[in-house]
Amino acid sequence: MFSKIEKSPILTLALVTVLFLLYGYATSLPKITDFIIFCIFVIGFDLLYGHMGQLSFGHMLYLGAGAYGCGMFAYHVYPDPFLSILVGVLLGAALAALLGTVVVKTSAAAFALLNLALNEVGAYLALSPLHEWTGGEDGLSLFFESYGWVDFNDSTFRFYFCLGALLLVILVVTAFVRSPYGILLKSIKENETRVKFLGYNTFVYKYVTFIISGAIVGFAGALTSVNLAYCNTSLIAPTRNVEVIFAALMGGAGTVLGAVVGGTAFMTISNYLASYIVRWEMFLGVALLAFAFWFRKGIWGYARKL
Amino acid sequence: MLLSVENLDVCYGHAQVLHGVSMHLNEGELVCVVGRNGAGKTSLLRTIGGFMKPAGGTVDFDGQRIDGQPLEQVALSGLKYVYQDKRVFGELTVRENIELAAYPTQVGLDEAIAKVVDIHPKMNKLLDAKAKGLSGGERQILLIGRALIGDPKLLLIDEPTEGLAAIIIGEIINILAAMKSKITMVVVEQNLATVSRLADRVYVMKEGVFSREITDAASIADPSTYEDEL
């Protein structure tokens, strides 16, 4: 049943919409808006990890770039929400384009750790040398212009806007991974040397994918700034990289809907389990071990077979 | 001359596996390289194919030096490699495997599929199957068919019959025999019955050097004349 849904873009989008509407109205729209934005982050991250086979330990850098790009534009230049989001996306993509020239030439552990190191540098820059622009440890409190019913100060509007953004990202990324380009990414994941011997310059394809991933994650960062009406160093903190890795593993790496399921499951656990158990991270750790050793396909990986 | 290998030295770390190997190949020839396990046959093929950088010597293909060139450039120059391990892109369908090979050679998908189906009509029914579900023989045929897309000038084939059932080996030999007049090939093979049926020339490799080159058809057709040297 689920695999049929996955194959049809309309059914996929309808299912995601209905489930998030039900979840949002049954609990709290602002909270579920956070969940939705996190799902966009996981989709962007998983484009590299699940689809291309490159694990990054430093994708919070691009979330931070998007968040600060959006926040700084709104704070220092002009508080238009759409322009601010666009700046966030472009900054995420531009940073990925710049760093990707070096990072994409590495692979495996070197790729993961180089990303982490760059994330540390970025977090430090945001905290100290660039504090006049970023607000340092205090961050930036943001205000966005309203245009009639387009009001980002209204949590219901933000919910629907972010839900629309998620649907758009799902649609675009699904089309992308199902295209011949997506087939190539899957092949690079399986055996890059052999793809090269078919005549492909794999660096170019990996580099472009890295930029697209940076742009999507930057988009999630920009939406976070808009949703929270502030941005601070928690949005670029390297220690939070584990969250997105865990979410991708839990949902099922390499599938767009897996990223959505994983993102939602992770946020649900981290938001609700924490209310009942003080050391909830311990259970998250045990769950991570279980997914890493026994349930490698993740929740969606098994659900799609039903 | 299509391929010229001169004084090739190849090392794995400090261990040298090829010692000044030279070989030449004219257009339209099918040359077999025979030898025991560990003699250096696959290392030779991998070095010609660009997977390994030689420690010394040169590889010239179609008038251009290709040793040390990026792998994708070697492939686009018209040289294709069929791997020993018969590993295809298992997560992709057969059609997607073909599509992947067709794009860089700028061959249309239909034409590329026709090329593969032409050498093995049964492949037509397997186009939408995941490649990891294919049998060893079907994988080998897919790999050979995929390598033929874009009409390469030279095909390097590593142990095409290894690990296959006798009936499939016969089919692979027939496919290679049918290709023989149309494309130049270097085939590494331990099955001497296959060699005797296909080869125009045979290089016998022993401990990283060519110990003998067999050129006369009568000797090639009778493996007993060189099996003692393996």
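Rule-based calculations on the coordinates, nothing more; no lab input. Quantities reported herein were computed from a predicted structural model and do not represent experimental measurements. Here the Cβ positions follow ideal geometry from the backbone for every residue, glycine too, while neighbour counts run over all protein chains shown.
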Which distance in Å, rounded to a whole number, links the C-alpha centroids of the stretch A:150-193 and the stretch B:98-172? 34
What are the lysines whose alpha-carbon lies under 19 Å from the alpha-carbon of residue B:41, with same-chain residues fewer than 8 places away excluded? B:53, B:80, B:86, B:206
For chain B, the longest principal axis of the Cα atoms and the Cα long axis of helix B:109-119 enclose an angle in degrees, to the nearest 10, of 60
Can you give me the Cα centroid spacing of the stretch A:215-258 and the stretch A:94-111 in angstrom? 19
Using the Kirkwood formula on alpha carbons, the hydrodynamic radius of the stretch A:186-306 in angstrom works out to 16.6
Dipole in debye (nearest 20) - chain B, about Cα centre, beta carbon charges: Lys, Arg +1; Asp, Glu -1: 500
In debye to the nearest 20, how big a dipole does chain A give about its Cα centre with +1 on each Lys and Arg Cβ and -1 on each Asp and Glu Cβ? 1440
Give the residue from A:97, A:231, A:117 lying farthest towards the positive end of the charge dipole for the protein assembly as shown; charges sit on Cβ (+1 for Lys and Arg, -1 for Asp and Glu) and the dipole is referred to the Cα centre. A:231
I want to check a number: in chain A, how many lysine pairs have alpha carbons closer than 17 Å, given a sequence separation of 8 or more or different chains? 12
When only Cα pairs under 8 Å and 6 or more residues apart are kept, what is the percent relative contact order across the stretch B:35-164? 30
On average over all directions, what projected area in square nanometres does chain B have, based on the convex hull of its Cα atoms? 12.0
Helix B:94-105 against the longest principal axis of chain B: what's the angle in degrees, Cα atoms only, rounded to the nearest 10? 60
For the stretch B:94-230, calculate the relative contact order in percent as a whole number, restricting contacts to Cα pairs under 8 Å that are 6 or more residues apart. 18
Here the membrane-span-like helices of chain A, with no claim about any membrane, defined by DSSP H, Cα axial extent at least 24 Å and mean Kyte-Doolittle at least -0.5, are A:9-26, A:29-52, A:81-103, A:108-127, A:155-178, A:202-228
Kindly provide log₁₀ I(q)/I(0) values, in the same order as q = 0.18, 0.19, 0.23 Å⁻¹, from the Debye equation applied to equal alpha-carbon scatterers of the stretch A:124-185. -0.81, -0.80, -0.84
Rg and Dmax of the stretch B:25-109, using alpha carbons, in Å: what are they? 14.9, 41
Through the Karplus equation 6.51 cos²θ - 1.76 cosθ + 1.60, θ set to phi - 60°, convert the phi angles of the stretch B:35-47 into ³J(HN,Hα) values in whole Hz; use x for Gly and Pro. x, 6, 4, x, 6, x, 5, 5, 4, 4, 5, 5, 6
Where the eigenvalues come from the Cα gyration tensor of chain A, what are the semi-axes √(5λ) of the equivalent ellipsoid, largest first, in whole Å? 28, 24, 19
Using every Cα-Cα pair within the protein assembly as shown, state what percent have a distance larger than 44 Å. 31
First check a/c for the stretch B:1-46, with a ≥ b ≥ c the square roots of the eigenvalues of its C-alpha gyration tensor; if it is under 1.5, answer rounded, and if not, answer prolate when a/b is larger than b/c or oblate otherwise. oblate
Rank these for me by crowding, A:41, A:266, going from fewest to most other beta carbons within 10 Å. A:266, A:41
